[in-house]
Amino acid sequence: MVKKVAIVGAGVVGLSCAVKIAESVADRRNVDVCVFSDKFSPNTTGDGSAGLWGPYLICDTASDKINKWSDETHQFFHELWKSGKAAELGISLIPVTRLIIDGDGFNPCWSRVVFGFTPVSYEQLDQYSREHNVKYTAGAHFVTFTCEPTFLLPYLMKRFQSAGGKVFEKRINNFDELDQDYDLIINCTGMGAKLLANDRKVRPIRGQVHRVEASWIFQSTQNDVNYIIPNVGSVVLGGTAQFDDYNENASADDSKFIRSGCLNLDPSIANSTFLKEWVGLRPGRNTIRIEEETIRKRNGKTCTIIHNYGHGGSGVTTAWGCATDVLDLVKGQLNGVSNVKSKL
């Protein structure tokens, strides 16, 4: 009998799961894999992001999990970059300077994942503080990847469909819409999980950014409140991280904050050409949720849902690694092994 798996959500988290499941189990185990979503690239939340690798806004997620998921994703980008697909996928290897305003030091759990993590010297901190008119207490230089979702998502979709995956443009408002026809549901709906999974822990983290044309900028400079991130065809200036704010319209006050803050980081931004501004709601949660839940179908039988959401500002950073954990759960279900951890 053919087993049917439905993945709800076509952002970077959902399509990473779709690719891994389709390529790993579909052919060998007679599994039919489908993706359902009402939004596809270039209209997902991820499409507006700069795609910089770096754990961000994932709250109380355990450090060991952050390291595991982000390290695997970093390796994924590295392999794609070495394969000659960098231009196709919008992958760039860029230097980053991260400066800290409020804190005694900067030694993140992921410091060994990136390349060449080196603390900023006291002399450099003094220099940056004078140049930016801000008192910095710590910082680091390192090299990492940007992988722009507007390039990555079409690539993942192509891989998924090449592996036999099917795609349906449909908004899923209730798991009952799928549980009659599908043996396993993977919930990768981001902010949508607040209603779909009835999870009150899901909350928006509003982000507003500008895109400018500044072809002379090749490195990312960041502090606690602003950042400059070069992309292939533009430079992203940010940004905001406003919890519980559902406003998806650009704010003039935020635009002023972004512009003035980024000018402090790099005065050459004054010579850039404004392209557009964008607002998106990151899917915040106290921790990333990857776990199984059993629901009862209308016909009395049960159906398993594997949840994978709550990635905050780290969807691009953790998606490929998180998809490995989801795949392990899928394989367990196909082998008749359950690991249910919660029932909402």
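Over the chain, dividing the summed -39,500 (n - 2.57) contributions of all DSSP H runs of at least 4 residues by the number of residues returns a 222 nm mean residue ellipticity of -9000 deg cm²/dmol. Using a simple spin-label model with pseudo-atoms 7 Å out from Cα toward Cβ, ASP224 and LYS39 lie 3.1 nm apart.
For a quick check of your reading of the filter: which GluC sites (Glu not before Pro) in the stretch 171-268 sit in a DSSP loop and have no more than 15 other Cβ atoms within 10 Å? Of the GluC sites (Glu not before Pro), the ones in loops of the stretch 171-268 whose Cβ has at most 15 other Cβ atoms within 10 Å are GLU248. The charge dipole of the stretch 137-197, taken about its Cα centre with unit charges on the Cβ of Lys, Arg, Asp and Glu (plus for the first two, minus for the last two), comes to roughly 300 debye. Taking label points 7 Å from Cα along the Cα-to-Cβ direction, GLU169 and ALA62 give a separation of 4.2 nm.
Counting Cα-Cα pairs of the chain in 20 Å increments starting at 0 gives whole-percent bin shares of 31, 56, 14, 0.
Given +1 at the Cβ of Lys and Arg, -1 at the Cβ of Asp and Glu and no other charges, the dipole of the chain around its Cα centre is 960 debye to the nearest 20.
Listed values for the stretch 186-195 are Karplus-derived 3J(HN,Hα) couplings in whole Hz (6.51 cos²θ - 1.76 cosθ + 1.60, θ = phi - 60°), namely 10, 9, 10, 9, x, 4, x, 5, 4, 8, and x replaces Gly and Pro.
Please say if the stretch 155-263 is rounded, prolate or oblate, where rounded means a/c under 1.5 for a ≥ b ≥ c the square roots of the C-alpha gyration tensor eigenvalues, and otherwise the choice is prolate for a/b larger than b/c and oblate otherwise? Taking the square roots of the gyration eigenvalues as a ≥ b ≥ c, the stretch 155-263 is oblate. Accessible surface calculations at 1.4 Å, restricted to protein heavy atoms, place the stretch 106-173 at 56 Å² per residue. Hydropathy at least 0.5 by Kyte-Doolittle, axial extent at least 24 angstrom from the Cα trace: which helices of the chain, defined as entire DSSP H runs, fit? Length and hydropathy pass: 315-334.
Residues in the stretch 138-147 carry Karplus couplings, in order, of 6, x, 7, 9, 7, 10, 8, 9, 10, 9 Hz; the curve used is 6.51 cos²θ - 1.76 cosθ + 1.60 with θ = phi - 60°, and Gly or Pro positions show x. Each of ASP102 and LYS331 was given a label point 7 Å from its Cα along the Cα-to-Cβ line. The distance between the two points is 4.3 nm.
The values are calculated or read from the model by the stated rules, or taken from the named source; none is laboratory data. For clarity, every value in this text was computed on a predicted model and none was experimentally measured. For neighbour counting, all protein chains shown are included, and Cβ atoms are generated from backbone atoms with ideal geometry for every residue, glycine included. Quick note on the areas: whole protein, heavy atoms, side chains included, nothing else; ligands and nucleic acids left out. Shrake-Rupley method; radii C 1.70, N 1.55, O 1.52, S 1.80 Å.
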